[in-house]
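Below you'll find the structure, written out as structure tokens, and then a few comments.
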Amino acid sequence: MSQTASRRTRPSVGGSTRVILLLALAVFFGLPLLWLLIAPSKLQNEFVTLPSLAFGEIGNYLRALEHLVGFKDGRILLWAWNSVWYTAAALIIGLVISIPAGYALATTEFRGRRLILWLTLIALIVPTSALVLPLFLEMSTLRLVGSPWAVILPTAFFPFGVYLAYVFYATSVPRDLLAAGRVDGCSEWQLFRMVCLPLSKTLIGLLTFLSFTANWNNYFLPFVMLTDDETYTLPVGLQSLVTGTSMISMSAMRGTSSTLKNPEGALLSLLMVLPLVVVFIVCQRYVVRGALTGAVKE
Amino acid sequence: MIGPTRPRIRTAHLFVLPHTVFMLLFAIGPAVYALVISFASFQRGTPEFFGAGLDNYANAYTDVRFLPALGNVTQFLIISVPLGAIGVLAIAALLHARQDRLGSGMRTLYFIPGAVAGPTLALLAIFMLDPRISPFAPVLQAMGLTTIGQVTSGSRLPWVFAIMYFFAAAGGWVAIFYGAFNGISRETTEAATMDGCGPIRLAWSVKLPLVRPYIVYMLILTFGANVQMFVEPQLLAVAAGSTVGRYWSLNQLSYAYAFELSDFGSAAAIALLMLGVGLLAAILIIRFTDFFRPDVADR
């Protein structure tokens with residue numbers, strides 16, 4: 001649709017109202033992030049004395065970073081590493097498990113198939129946090145509480161991945177292609193490996209995005225499962241800093257000797273959010289596609 | 001897909017086996033185990049299965065903290081779910097009223113806060129709610145609020161949480177509804193415009209009814225997710241002091257039973273309530289919307 005046509009058919013009634021409303025919303029959604037970007041440039045007392053959106057000094061980012069890195073001999077770096085490897089492990093295990101399962105569910109009729117599909121659907125819609133305490137009860141009976149695997153394995157269970165793979169192979173890979181492969185004597189494994197996987201780049205991209213964004217920010221499960229602070233992830237570590245240090249000004253009476261204050265809290269949040277912001281901007285279309293894959297148009 | 005051969009079926013079984021095992025271990029297993037535990041008695045240290053009857057339920061649901069927590073979460077849901085939906089739809093319609101640069105730029109901007117979640121969302125909110133620090137201070141002060149304690153006091157708290165959730169989640173839904181509006185055929189909107197529909201009429205009477213299934217989907221999914229709130233009240237309690245209780249939400253109460261009292265039975269009784277809500281939401285979505293269907297490959 002050309003711009004002129006759209007202007008003619010849609011009269012510009014309320015055009016400037018729309019612009020004003022959109023900009024007001026931009027303030028609501030954008031200002032907190034802008035503030036977060038600027039905040040570590042300020043010293044602790046400047047959070048209150050300088051105007052909220054005033055920029056302090058560039059050197060203060062480094063100062064705050066040094067404080068973060070220096071905390072308990074680099075404990076925060078350890079948390080960052082834990083976050084990275086738990087997320088990566090959950091992603092890889094999740095992909096290896098969910099893609100073949102989705103493929104089999106889409107291409108082969110076998111007993112129990114519908115039951116597995118139904119259970120997978122239910123598991124994907126029930127919010128993961130609803131299962132956190134039941135998982136904790138189970139893991140504590142199995143004496144697995146405290147182990148990183150108590151976080152990694154439950155998050156590697158990826159029903160959304162199975163369902164998206166199922167829809168993908170049911171709709172995007174031509175049946176005739178598979179039939180032809182079978183006539184040529186391909187085994188099911190060869191078909192999957194040689195024909196379907198090379199066609200699955202979009203699917204793998206989508207699943208990687210969904211798994212990464214879900215697990216990077218995951219808080220409730222690791223908070224409940226991880227007992228030793230050397231095994232913490234960044235979100236759990238941040239929580240422990242908020243409750244245990246004077247990272248938030250309001251609780252300044254406690255642990256005032258700590259070097260971790262408002263600037264450090266803001267910088268750590270910023271560093272945790274940035275990778276996701278980049279991924280979000282690059283992969284915006286994935287979110288829509290992920291949420292709507294089920295609504296296949298005939 | 002008629003009559004797959006034996007080796008094909010065997011391969012399919014192998015392919016779904018790990019997923020099925022994970023589902024048993026990390027979804028069905030814990031749910032069933034929580035159910036069992038909720039009837040178990042822990043009087044003698046080791047669990048005595050079915051030894052408690054309904055005692056754990058009675059204990060948890062008559063706890064003095066239970067009704068307030070249920071009330072808090074209910075208030076939060078009443079505010080966050082409908083207002084969230086109205087806000088998302090209004091923003092999506094506003095963006096979609098014209099396809100221009102401003103609109104697509106704004107769509108991306110609104111979407112970015114989705115990257116903020118859990119403790120970072122809570123921490124950012126704490127700064128944004130502190131009238132001494134926040135860039136929104138003029139707004140807060142205009143409302144007569146000068147300390148974070150006032151901002152997060154009692155009846156304001158459900159609103160505060162609703163705004164926090166909206167900040168983080170709205171952009172994703174806006175993108176989804178924008179996509180849904182795009183799916184409406186041009187003939188339909190052009191015919192309506194010819195008949196004299198203005199942009200607001202067009203959005204209200206034509207676009208909205210056509211995306212009704214998406215709305216149902218959003219309402220159920222948001223309800224199921226928001227009922228689970230945990231970290232936001234937990235961290236705000238630290239920041240604002242005593243005004244936010246440590247047992248503000250149901251999940252906090254369940255957590256307290258498990259971790260503070262080691263009363264797994266009562267913890268399970270509350271956790272099952274939350275799980276029940278999640279299950280109900282799942283079944284409603286599968287039955288009454290077309291978003292997730294187990295029969296895509298069969299048609």
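The values are calculated or read from the model by the stated rules, or taken from the named source; none is laboratory data. Values in this document were obtained by computation on a predicted structure and should not be read as measured data. FYI the Cβ positions are ideal-geometry reconstructions off the backbone, even for glycines, and counts take in every protein chain you see.
Quick look at the values:
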quantity	calculated
Scan of region A:169-182 for residues that are out of contact with any Cys (no Cβ under 9 Å at 6 or more places or on another chain) and in contact (Cβ under 8 Å) with a residue 60 or more places away in the chain, ordered by number	A:Ala170, A:Thr171
Which numbered condition B:Met143 misses (of (1) at pLDDT below 90; (2) over 26 Å from the mean Cα position of the chain (by Cα))	(1)
In region B:246-266, the residues that are at the interface with chain A (Cβ under 10 Å from one of its Cβ atoms) and either under 15 Å from B:Leu70 (Cβ atoms) or not in a loop (DSSP other than H, G, I, E, B) (or both)	B:Asn251, B:Ser254, B:Tyr255, B:Tyr257, B:Ala258, B:Phe259, B:Phe264, B:Gly265
Helices (runs of 4 or more DSSP H) fully within region B:28-115 counting 1 or more residues that are within 13 Å of chain A (Cβ to nearest Cβ) and either closer than 30 Å to A:Tyr286 by Cβ or among the acidic types (Asp, Glu) (or both)	B:29-38, B:66-96, B:101-111
Yes/no for A:Tyr232 being crowded, with 22+ Cβ neighbours inside 10 Å, farther than 30 Å from B:Phe259 by Cα and touching a residue at least 12 places away in the same chain (Cβ under 8 Å)	no
Subset of region A:135-190 that is aromatic (Phe, Trp, Tyr) and closer than 28 Å to A:Thr108 by Cβ - its residue that is farthest from the chain's Cα centre (by Cα)	A:Trp189
Failed item, numbered, when A:Val96 is tested on (1) touching a residue at least 12 places away in the same chain (Cβ under 8 Å); (2) more than 7 Å from every other protein chain (Cβ to nearest Cβ); (3) touching a Pro at 6+ places or on another chain (Cβ under 9 Å)	(1)
Helices (runs of 4 or more DSSP H) completely within region B:118-202 that count 2 or more residues being farther than 30 Å from A:Leu210 by Cβ and facing chain A (nearest Cβ under 10 Å)	B:137-142, B:148-151, B:186-194
Test result for A:Val195, assigned by TED's automatic domain parsing to the domain that holds A:Tyr103, in a helix (DSSP H, G or I) and surrounded by fewer than 22 Cβ atoms within 10 Å (Cβ to Cβ)	yes
Any hit, region B:195-213, residues being within 19 Å of B:Ala69 (Cβ to Cβ) and not small (Gly, Ala, Ser)	no
Scan of region A:130-151 for residues that are part of a helix (DSSP H, G or I) and either on the phi > 0 side of the Ramachandran plot or surrounded by fewer than 21 Cβ atoms within 10 Å (Cβ to Cβ) (or both), ordered by number	A:Ser140, A:Thr141, A:Trp149
Top-ranked residue in region B:255-290 [being charged (D, E, K, R) and touching a residue at least 12 places away in the same chain (Cβ under 8 Å); ranked as surrounded by the most Cβ atoms within 10 Å (Cβ to Cβ)]	B:Asp263
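Here is a yes/no grid of residues against (1) facing chain B (nearest Cβ under 9 Å); (2) surrounded by 13 or more Cβ atoms within 10 Å (Cβ to Cβ); (3) closer than 30 Å to B:Ala192 by Cβ:
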position: A:Ser16; (1), (2), (3): no, no, yes
position: A:Leu21; (1), (2), (3): yes, yes, yes
position: A:Phe28; (1), (2), (3): yes, yes, no
position: A:Pro32; (1), (2), (3): yes, yes, no
position: A:Ala39; (1), (2), (3): yes, yes, no
position: A:Lys42; (1), (2), (3): no, yes, no
position: A:Phe47; (1), (2), (3): yes, yes, no
position: A:Pro51; (1), (2), (3): yes, no, no
position: A:Phe55; (1), (2), (3): no, yes, no
